[in-house]
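Q: Pasting a structure below so you can have a look.
Where a number appears in this text, it was derived from the coordinates with a stated rule and is not lab data. Being a predicted model, the structure only gives us computed values, none of them experimental. Cβ placement follows ideal geometry from the backbone for every residue including glycine, while neighbour counts extend to all protein chains displayed.
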Amino acid sequence: IEILNAQNSKPVGTLNNLTATTSIRELKKKIYGIKKSLYPERQAIRLEPKGKTLKDNDTLKDLGLKNGTKLYVKDLGPQIGWNTVFWLSMQVHY
């Protein structure tokens with residue numbers, strides 16, 4: 001499976017030795033292995049550059065993906081947890 005940058009369609013890398021049961025979560029870890037700046041938590045994997053983000057628990061078989069498929073990865077930037085958001089919003093109100 002070829003991984004491309006969703007913003008400019010430049011190649012990020014190619015993932016080999018995948019099985020039908022490989023999940024999107026596992027793909028994210030493998031992409032991180034190719035490009036260390038793409039932390040798994042910051043990745044949005046898509047079938048098209050501006051398409052819908054795939055769910056972490058979807059498998060290659062679920063999505064009908066085969067050899068030669070192109071997937072697009074977008075860096076979502078730093079992510080913070082909901083606990084932090086809730087805590088920050090509580091601090092603002094007091």
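Q: Please give, to one decimal in nm, the separation of the simple spin-label points placed at Lys52 and Ser23, each 7 Å out from Cα toward the Cβ.
A: 1.9 nm
Q: If you don't mind, another one. Could you tell me how far the Cα centroid of the stretch 36-68 sits from the Cα centroid of the stretch 1-22, in Å?
A: 9 Å
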